[in-house]
Amino acid sequence: MDLVVRLAPAKVNLTLAVLGMRPDGYHDLHSIMVPLDLADRLSVSPLPPRAVDTLHSDGFDPGRASDNLVLRAFAAARRRAVGPWRAAGRGGEPPALAARLEKRIPVAAGLAGGSSDAAAALDAALAAWGVELDHQVRHEIAAELGSDVPFFLAGGPALAEGRGERLTPIPWLRDDDERHDRPGVLLVTPAVPLSTPAVFRAWDAGARNPAAGARHASAHLADELRRGMASDALTVRAAILASANDLAPAAIAVEPALVPFKRALMRLTGRSIGISGSGPTHWALYASYPEAVAAAEELTSAVIDGRLTAPGQYPPFIAAARILAPVPRRDS
Ligand code: C5P
């Protein structure tokens, strides 16, 4: 059995409407989510008999290894894999795994890095053991691990509903003109990790958008994408999308320093600035990836020469990313 390597992409919520609290304590959502080429890298290899699962990580600090979703994903995958493993005449249970995680996605940032690691770990574990589980079972394991985990099994832009686990793949931008670039995304994450439960609690306590703007914007974007949206139309919608996150007021209630920070980003980029998930990652859309790269370079200089100050003990994480999406069919 060989080394298995998986990339675990980050995601951005282009819209995020919170529809209400549920009896189970979760919240019903309506959100358009897109995966990015900013990714953690997970490598997994089987260990000898009687070993236990291990995790070593470098890059951003993911916190205590024992709490990590990668190890929980291995355990959950093993529980379901043991049946097919024994049915194939192999005794005992699937062996322990050694995992190495290169964390390139900031942690507790609204980019779902930990959830993506869990989806990658599930897939890598099954590949390392040579066990197939059908899609429904994989989805169930993913949903048990976390609301955002199933999104990463699908591998493309999707409408997420329910607590985030009900997914409808959504056609991505069509591009009638080959000369058009695909949009690029600027990401800026101040070093003030936000706890998702704390942000939802702030929403419960009343830190909300007064109007139902996010809900309408999210439904409208879903409709437009389903009908086939041209590549350049997304950046035209950027201002509406940037204000279509119902968790933004709650993120600000938890971390008020995000208000002047967002204002500074708007001033320096001249763009509409959105927040991803429960924050604190801010995003802006650009007509092309090279434009997003130029904006990231400009903001990095602004941090160095003091034009941009960010909350937190460290400088903000600043990056340009591409949206990962299947190449669209070209209608002739
Ligand atoms: O599902 P996951 O464990 O990632 O969610 C973390 C926390 O975020 C939940 O315990 C809950 O407090 C909150 N949450 C929520 N509604 C959702 C997703 C998450 O309230 N749809």
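The values are calculated or read from the model by the stated rules, or taken from the named source; none is laboratory data. Since this is a predicted model, take the numbers as computed values, not measurements. Neighbour counts run over all protein chains shown; Cβ positions are idealised from the backbone, glycine included.
Does SER288 satisfy being more than 16 Å from the ligand (Cβ to nearest atom), among the polar types (S, T, N, Q) and either assigned by TED's automatic domain parsing to the domain that holds ILE105 or over 15 Å from VAL12 (Cβ atoms) (or both)? Explain how you work it out, then say what you get.
Working: more than 16 Å from the ligand (Cβ to nearest atom): yes; among the polar types (S, T, N, Q): yes; either assigned by TED's automatic domain parsing to the domain that holds ILE105 or over 15 Å from VAL12 (Cβ atoms) (or both): yes.
Spelling it out, SER288 is indeed more than 16 Å from the ligand (Cβ to nearest atom), among the polar types (S, T, N, Q) and either assigned by TED's automatic domain parsing to the domain that holds ILE105 or over 15 Å from VAL12 (Cβ atoms) (or both).
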Margin query: Need pairs with beta-carbon distance below 9 Å; first residue free of Cβ contacts under 8 Å to residues at least 60 places away in the same chain and within segment 54-78, second charged (D, E, K, R) and in a helix (DSSP H, G or I); sequence gap 6+ or separate chains.
Written below: PRO62/ASP117; ASN68/ASP117; VAL70/ASP117
Next item on the list: Go through segment 153-165 residue by residue and tally those that are within 14 Å of the ligand (Cβ to nearest atom) and out of contact with any strand residue (DSSP E or B) (no Cβ under 7 Å at 6 or more places or on another chain).
Entry: 1
Note to self: Checking the conditions here, which among ALA99, ALA73, ALA120, ALA77 is within 14 Å of the ligand (Cβ to nearest atom) and crowded, with 23+ Cβ neighbours inside 10 Å?
What the structure shows: ALA73
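For segment 144-251, please list each of the helices (runs of 4 or more DSSP H) lying entirely inside it that holds at least 2 residues being aromatic (Phe, Trp, Tyr).
Filter on segment 144-251 gives 151-154, 196-204.
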Next item on the list: Report yes if ALA127 is within 16 Å of the ligand (Cβ to nearest atom) and not assigned by TED's automatic domain parsing to the domain that holds ALA248, otherwise no.
Entry: no
Next item on the list: Look at segment 102-117 and say how many of its residues are touching an Asp or Glu at 6+ places or on another chain (Cβ under 8 Å) and within 16 Å of the ligand (Cβ to nearest atom).
Entry: 7
Notebook entry, point to check: Of the residues that make up segment 268-285, is at least one in the same structural domain as PRO256 (by TED's automatic domain parsing), without any contact (Cβ under 8 Å) to a residue 12 or more places away in the chain and farther than 29 Å from LEU7 by Cα?
Noted result: yes
Checklist line | Failed item in (1) within 16 Å of the ligand (Cβ to nearest atom); (2) in contact (Cβ under 8 Å) with a residue 40 or more places away in the chain, with PRO23 passing the rest | finding: (2)
Check: So which of ALA295, ALA264, ALA302, ALA310 is touching a Pro at 6+ places or on another chain (Cβ under 7 Å), at pLDDT 95 or above, within 24 Å of ALA239 (Cβ to Cβ) and not assigned by TED's automatic domain parsing to the domain that holds ALA108?
Finding: ALA310
